[in-house]
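Structure record follows, encoded as structure tokens.
The values are calculated or read from the model by the stated rules, or taken from the named source; none is laboratory data. None of the values given here were measured: they were computed from a predicted structure. Backbone-built Cβ (ideal geometry, glycine too); neighbour counts: all protein chains shown.
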Amino acid sequence: MRAAVLREYGEPLEITSVETPEPAPHGAVVSVAACGICRSDWHAWQGHGEWADDQVPTDFVLGHEPAGEVVAVGDRVSTVAVGDRVAVPFDLGCGDCRECATGHGNTCLDGAALGFERDAPGAFAEAVHVPHADYNALQLPAGVEAHEVAALGCRFTTAYHALAHRVDLSPGDWVAVHGAGGVGLSAVHVADALGARPIAVDVRQAALDRATEAGATATVDAADADPVAEIAAITDDRHGTGAHVSLDALGRAETCRNSVECLRQRGTHVQVGLTTDAERGEVSLPVDEMTRWEIEFHGSRGMPPTHYEELLGLLETGVVDPGSLVGRTVSLSDVPDRLAAMTDYDTDGVEVLTFD
């Protein structure tokens, strides 16, 4: 089968032939219909993560946001069958441990990250293997298209998990979103769908325009203004100033700190963006200020497979529309260039690889 293979960090992925996977006894093979192209793929391509023992291996297929059709199953699989249309989360749980059993498969110690670990080759390919398929292969509702699910990917599921499960978000709350790329636009859309008032922050007017289309109540151009001061002005009311919830979707030291500093008293920061080699996983924060105002700091990674039914139900009923965030669909041969475009943030909303 054809796939996009990482040979050297920072060098164009090689479009080549690789061996088609066979299902493990507990696994399934999915013919990929669509796969999102995510900034986490860019981090992997750049070789980031060695500071957290999280560097992707070379000679490896990237891609972690697939949807497609099951074409083979192992003899221990009982909940999916050949012909089923499925989504595949990038947080692959074992399905048996306490974390998985209690709905926290994204923190499974025996799990794997699809498209990031040697044991879980990714989906920039014509087919992908899904381990522990009874837990990780999630059937699609009728009428939900593969490209919509690929747009859910990790960015939309991460945004949804962050705002629906990791924080106590109420209708009418101000939600600041720092960075209006794929996960940031998803967070804007999710916050709006949950009845909150999202504020999108970015340095690109095109990204801010997309955020407005996605449901942003207000936008802040951080190239021309101090985002912390602007957010304070937008949110000023008799109870205080600042966002109730703020999310750093970019992972830079500046955006993380701005996210914390733009909160009102007892506000909550959610970190979803991964750091670059400039931060190497470490960011300086105003700890005394966080203590004084009882600011909470939460990490959020992906979404447990057990929550997908909840989100897919919202997609099926039209409450959320990740497909509206797709700015471009591309072929496998385009993937190397689209990853490179992320270096200068030269992408249009969510970009999705499709196999026609």
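To keep it simple, each residue is scored yes or no on (1) modelled with pLDDT under 95; (2) buried (at least 19 other Cβ atoms within 10 Å of the Cβ); (3) under 19 Å from the mean Cα position of the chain (by Cα); (4) closer than 18 Å to Glu254 by Cα.
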{"site": "Ile295", "(1), (2), (3), (4)": "no, yes, no, yes"}
{"site": "Met303", "(1), (2), (3), (4)": "yes, yes, yes, no"}
{"site": "Glu310", "(1), (2), (3), (4)": "yes, no, yes, no"}
{"site": "Gly313", "(1), (2), (3), (4)": "yes, no, yes, no"}
{"site": "Ser331", "(1), (2), (3), (4)": "no, no, no, no"}
{"site": "Ala341", "(1), (2), (3), (4)": "yes, no, yes, no"}
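Of all residues in region 35-47, one or more are within 20 Å of the chain's Cα centre (by Cα), part of a loop (DSSP other than H, G, I, E, B) and crowded, with 22+ Cβ neighbours inside 10 Å. If only residues of region 38-78 that are β-branched (Val, Ile, Thr) and modelled with pLDDT of 95 or more are counted, the one that is nearest to Thr329 (Cα to Cα) is Val61.
Restricted to helices (runs of 4 or more DSSP H) entirely inside region 240-326, those with at least 1 residues that are in contact (Cβ under 8 Å) with a residue 60 or more places away in the chain and closer than 27 Å to Cys100 by Cβ are 308-317.
Pick from Gly143, Gly111: which is crowded, with 17+ Cβ neighbours inside 10 Å, among the small types (Gly, Ala, Ser) and outside the structural domain of Ala249 (by TED's automatic domain parsing)? That would be Gly111, the only listed residue that is crowded, with 17+ Cβ neighbours inside 10 Å, among the small types (Gly, Ala, Ser) and outside the structural domain of Ala249 (by TED's automatic domain parsing).
Conditions tested, residue by residue: (1) assigned by TED's automatic domain parsing to the domain that holds Asp41; (2) under 26 Å from Gly281 (Cα atoms); (3) under 19 Å from the mean Cα position of the chain (by Cα).
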position	(1), (2), (3)
Val175	no, yes, yes
Ala193	no, no, yes
Arg210	no, no, yes
Pro227	no, yes, no
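In region 8-39, which residues are closer than 24 Å to Asp134 by Cα and hydroxyl-bearing (Ser, Thr, Tyr)? Correct list: Thr20, Ser31.
The single condition among (1) within 18 Å of Ser40 (Cβ to Cβ); (2) modelled with pLDDT of 95 or more; (3) outside any helix (DSSP H, G or I) that Ala200 does not satisfy is (1). Of the set (1) of a type in the set (S, T, N, Q); (2) modelled with pLDDT under 95; (3) surrounded by fewer than 16 Cβ atoms within 10 Å (Cβ to Cβ), all apply to Thr275 but (3).
Scan Ala229, Ala214, Ala207 and give me the residue that is at pLDDT 95 or above and out of contact with any Lys or Arg (no Cβ under 9 Å at 6 or more places or on another chain). Being at pLDDT 95 or above and out of contact with any Lys or Arg (no Cβ under 9 Å at 6 or more places or on another chain) holds for just one of Ala229, Ala214, Ala207, which is Ala229. Taking the stated definitions as given, is Asp54 surrounded by fewer than 18 Cβ atoms within 10 Å (Cβ to Cβ) and under 17 Å from the mean Cα position of the chain (by Cα)? Considered against the rule, which asks whether it is surrounded by fewer than 18 Cβ atoms within 10 Å (Cβ to Cβ) and under 17 Å from the mean Cα position of the chain (by Cα), Asp54 comes out as yes. Within the set Arg238, Arg266, Arg252, the sole residue that is outside the structural domain of Ser40 (by TED's automatic domain parsing), basic (Lys, Arg) and under 24 Å from Gly47 (Cα atoms) turns out to be Arg252.
Checked against (1) buried (at least 19 other Cβ atoms within 10 Å of the Cβ); (2) under 28 Å from Glu148 (Cα atoms); (3) in contact with a strand residue (DSSP E or B) (Cβ under 9 Å, 6 or more places away or on another chain), Asp209 meets all criteria but (1).
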